[in-house]
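Have a look at the structure below, then the notes.
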Amino acid sequence: METDVKFAFAPQKRIHHILSELDAKRKQRGGQMAVNEYVKVWNARKWLKEAEPFLKVWHAYLGYSLNLFSYFKSGATVVDVADKHGLKPELLSRWVEVGVAVGHLRESKGGKIKTKPKMGKYLTKESKHSVGILLEELFELHMPTLLSYREQLPNKEQDPPPEMADMVAGTSSLLEALAVPKIAAVIKKRKAESVLDVGCGYGGYVKRLAHTFPGTQFDGIEVDHDVCVSARKNNVNENATIIEGDFFHFQGKRPYDVLMFNNILYYFSTETRVEMFKRAAAQLATDGVLIVISPITDGKHGKRFASAFNSFMSAHKKMHPLPSKKELVKASKQAHFRLLSAKTIVKEGGWHFLLFEQRGKH
Ligand SMILES: C[S@@+](CC[C@H](N)C(=O)[O-])C[C@H]1O[C@@H](n2cnc3c(N)ncnc32)[C@H](O)[C@@H]1O
C-alpha cells in the first residue's frame, strides 16, 4: 500500500482528508476500497501498536519466572539450554526470537544467544538487584484478576482469588529503599524508643530501621504464618521482634512512639480503616505518631497506576479500594488524629507518606 507510512503517523483528521482524496482518485480509476475500510485498517493498526509494549513485559516476565535469562547469561544455544533444563525447544526458540526482537537478548555469529547485562542484573532470581517479583505479581495476580472483570462485571460468580500474601509482601518491600529515609527522619526527630510496624510482611522495614537505630525497639506484627516465618529469619537484630498475629487482637506491652501502616490499608474496608486508626491511637504513647504509606487515589500524580491498582483491588474478593487522602483525613479525625504532612514517595505510582499525630493528647 503506497500510503502506509503516512497513515501510521498522521493525526486522524488529516487521515480522513488524505483518504477522501485517495478515495476520489481511486474511484476515478475505478478502485474499490472505500474510506471507511481504510479507517478501519488504520484503527486496527493503532490498537496493535498500543499492545506492542506488552510483548516486552511478557518476555521479561517469562525470562525471570522460568529463569531463562539466567540460562543464557554466559551465552548458549537454544538446543543446549532446552536439553539441559528439560524445556520445549520450539517454544524456547519463539521466546528467544521475541527477546532478540525487543532487545532483551542478542545473537552472536556462532548462533549463541546471550542475555543483555541489564536483564541479567534486574531479572534473574540469583541477582540481589532483581525486581522480577513485580512482574510475577503483575502477571499471576493482577492480570488474572483484571481479566476476571469479563466474568464478574455481568454479576457472575467469581473464581477464588489467587493466593497472594507471599507475593504481595515481596513486592511491597521494593518500596523500602525510598520510604526508609523518611521514616528514619521521623524516628530521629521524635527520639522514638519504640516502633510498631503493622502488617510488617517480610520485616524489611523492621530490619533496616533496627540496624540504623540500635537503641530503639522495633516490633513487627504479621498475620500470615509463612510470611511471618520469613520475617523472623530476616530479622536477627536484638532490638527487632516479629510477632505472629492479627493487629485487631493485638495488645502491645508498651505504648509505642511510632506506629506504621505500610501498604496495608487496602486489606480493609473504609469502615474498618476507622477502627484501625482507633486501635493505632490506643497503642500509641501520648505524643506518638502514626505513619501511613499507601497509594492514594486523589494524589496529584500517578492517576493511571492508582486507577489500575484500584480496578484490581475492587475485583479481588479479599481486597478493598485504595483510600483517598480525603478519606484518610476523615477516618483519622474520628480517632483524634490530625494530618501533619503528606509527601509523595513514588510519583508514578501515587504512593504517599502521610504522617499523623494525635490531637488533644498533649
Ligand atoms: C502488602 S503487605 C505489606 C508489607 C510491608 N508492610 C511493606 O510495606 O512492605 C501487607 C501485609 O499485611 C499483612 N496483614 C494483613 N492484615 C493483617 C492484620 N490484620 N494484622 C497483621 N498483619 C496483617 C499481610 O499478611 C501482608 O503481609
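The values are calculated or read from the model by the stated rules, or taken from the named source; none is laboratory data. Since this is a predicted model, take the numbers as computed values, not measurements. Here Cβ is always computed from backbone atoms with ideal geometry, including for glycine, and neighbour counts include all displayed protein chains. What goes into the accessible areas is simple: the full protein's heavy atoms, side chains included, and nothing from ligands, DNA or RNA. Shrake-Rupley method; radii C 1.70, N 1.55, O 1.52, S 1.80 Å.
So the values come out like this:
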| read-out | value |
| --- | --- |
| Yes/no for N262 being within 9 Å of the ligand (Cβ to nearest atom) and either touching a strand residue (DSSP E or B) at 6+ places or on another chain (Cβ under 9 Å) or not assigned by TED's automatic domain parsing to the domain that holds A281 (or both) | yes |
| Per-region count, the range 265-293, residues open to solvent by less than 50 Å² (accessible area, probe 1.4 Å) and more than 9 Å from the ligand (Cβ to nearest atom) | 16 |
| Conditions (1) in contact with a strand residue (DSSP E or B) (Cβ under 9 Å, 6 or more places away or on another chain); (2) within 15 Å of the ligand (Cβ to nearest atom); number of the one not met by D226 | (1) |
| Checklist (1) over 18 Å from T171 (Cβ atoms); (2) within 16 Å of the ligand (Cβ to nearest atom); (3) in a helix (DSSP H, G or I); (4) open to solvent by 10 Å² or more (accessible area, probe 1.4 Å) applied to A210, failing item | (4) |
| Selection count where residues are open to solvent by less than 10 Å² (accessible area, probe 1.4 Å) and without any contact (Cβ under 8 Å) to a residue 60 or more places away in the chain, scope the range 217-230 | 4 |
| Residues (open to solvent by 30 Å² or more (accessible area, probe 1.4 Å) and within 20 Å of Y267 (Cβ to Cβ)) located in the range 186-207 | Y202 |
| Qualifying residue in the range 282-297 (condition: modelled with pLDDT of 95 or more, outside any strand (DSSP E or B) and either on the phi < 0 side of the Ramachandran plot or not assigned by TED's automatic domain parsing to the domain that holds G220 (or both)) | yes |
| Matching option when the condition is polar (S, T, N, Q) and under 28 Å from V227 (Cα atoms), among S314, S341 | S314 |
